[in-house]
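Please treat every number below as a calculation from the coordinates, not as lab data. This is a predicted model, so every value here is computed, not measured. Cβ: placed from backbone, ideal geometry, glycine included. Neighbour counts: every protein chain shown.
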Amino acid sequence: MIDNSYYNNSKLLLETSEVEAGNVAWRSPSNIALIKYWGKHGHQLPRNPSISLTLQNAFTETLIEYAPKDQPSKEMEIEFLFHGEEKPLFAQKIKKYFTSILPIFPFLSQLKFRIQSANSFPHSSGIASSASAMSALALGLCSIEEILFGQTLDDIDFDRKTSYLARLGSGSACRSIYPGIASWGESAFIEDSSDYYATPITNIHELYSTFQDDIFIVSAKEKEVSSRAGHGLMEDNPYSKTRYAEAKKQMSKMLSVLKTGDLESFGTMVENEALTLHALMMSSNPSYLLLKPNTLEMIERIRQYRKETDHPLYFTLDAGPNLHLLYPQNIIHEVRVFTEEQLEPLCEDNLWINDFVGEGPIQL
Ligand code: PMV
């Protein structure tokens, strides 16, 4: 069941004879966390606050077509196509998600849906797509609500509601609703912060508004341990309490370096967060390891290059072996020579994606 009554609309049902078929489409980006969310409780609530960069080139586009059901039924009627192909497993997940949000959108059970979704990044490129996919879906559902019931929310509340809904699908997805930098989770240092939805962070140095994030694909295989299982293992991790306390403290430091543009402190913190995330996986019981030899080789080469050139470039990692390289746009030409010579050959099929801080979702 949904954990609070923020958006309990149990009376929001349709007079189906008056509903016309329609469709909505959204493009929504992925994001990469600088302070990581790792560990959750209740219904998708974070154990610690997190902060992320919204990306631009790694996105999902989702078209939702809807029409009144031919026959009333309790069953969700959803057809789901990914890159034009039926994906029964994804369809099942979406059905489960729609059922879970019925207290917010009861009218979902009165409609039938055909959902078509596609990612901009190569299929199976090893990039977690749940943030872009679930945020695109949540945006679509909030748009459908507006079409069917009239506009009841202003822009701020529309974003907040989609962020709330996206979180229920995948925690990190709630941050993708906002351009630039967003946080999620209650923090004494962020006004309006909440465990239920993300908050945009606007007080940042201009350096970060064009920050680069190249993504190096070390392995495109599906990871052996899902994020869901990883979050679960945090419950018995002997270091979890210390981790949650440390992450809360890190928020204040991160906000400060985002404001001042102190890149060295930014980089130290971001790399530490990435390695802490993986250290938590290694110290879970059972322990597991998602880093690959080439991830470590990349880290060594980045640190060596930084030492030799003094260029401010730093890595971060998601819950997988692929590496994100973060640096300011003004050194892109020098960095490109380094990455093509030294990081690209370590990628699976030489695959890497040039990305940067993005402008947030758009309605298509
Ligand atoms: O949103 P989930 O449940 O897939 O968890 C994602 C967790 C990390 O990507 C590892 C960190 C984060 O804050 O995005």
For V19, V218, what's the fewest-to-most ordering of other Cβ within 10 Å of each Cβ? V19, V218
Residues I156, I94 in order from fewest to most other beta-carbon atoms within 10 Å are I156, I94
Normalised per residue, the volume of the convex hull around the Cα set of segment 195-241 (Å³): 196 Å³
Give me the net charge of L81's neighbourhood, meaning all other residues with Cβ under 10 Å from the Cβ of L81; Lys, Arg count +1, Asp, Glu -1. -1
If you put +1 on each Lys and Arg Cβ and -1 on each Asp and Glu Cβ, how big is the dipole of the chain around its Cα centre, in Debye rounded to 20? 1080 debye
Picking from S193, N237, A173, whose Cα lies most toward the positive end of the charge dipole for segment 134-265 (charges on Cβ: Lys, Arg +1; Asp, Glu -1)? N237
³J(HN,Hα) computed for each position of segment 67-76 - Karplus, 6.51 cos²θ - 1.76 cosθ + 1.60, integer Hz, glycine/proline x: 7, x, 4, 5, 10, x, 7, 7, 4, 6
Using label points projected 7 Å from each Cα along Cα→Cβ, tell me how many nm separate D154 and E308, to one decimal. 5.5 nm
Out of every Cα-Cα pair in the chain, what percent are more than 38 Å apart? 17 percent
Kindly rank 190-200, 204-214, 319-329, 132-142 from highest to lowest mean number of other beta carbons found within 10 Å of each residue. 132-142, 319-329, 190-200, 204-214
Where a ≥ b ≥ c are root eigenvalues of the Cα gyration tensor, a/c under 1.5 meaning rounded, otherwise prolate if a/b exceeds b/c and oblate otherwise, segment 57-203 counts as oblate
Once fully extended, how much extra length lies between K96 and D349, figured as 0.36 nm per residue of separation less the alpha-carbon to alpha-carbon distance? 87.5 nm
Listed pairs K74/K96; K161/K221; K40/K223 exceeding 24 Å between Cα atoms: K161/K221
Would any residue of segment 33-51 have its amide N under 14 Å from a label point 7 Å out along Cα→Cβ of Y288? List them or say none. 39
For the pair K249/E79, report the inter-label distance in nm, with labels modelled 7 Å from Cα in the Cβ direction. 5.6 nm
Using a 10 Å cut-off around each Cβ, can you sort D159, D154 from fewest to most neighbouring Cβ atoms? D154, D159
How high is the FRET efficiency from E300 to S256, r the C-beta distance, R0 25 Å, rounded to 0.05? 0.30
Between the Cα axis of helix 88-100 and the main Cα principal axis of the chain, the angle (0 to 90°, nearest 10) is 70 degrees
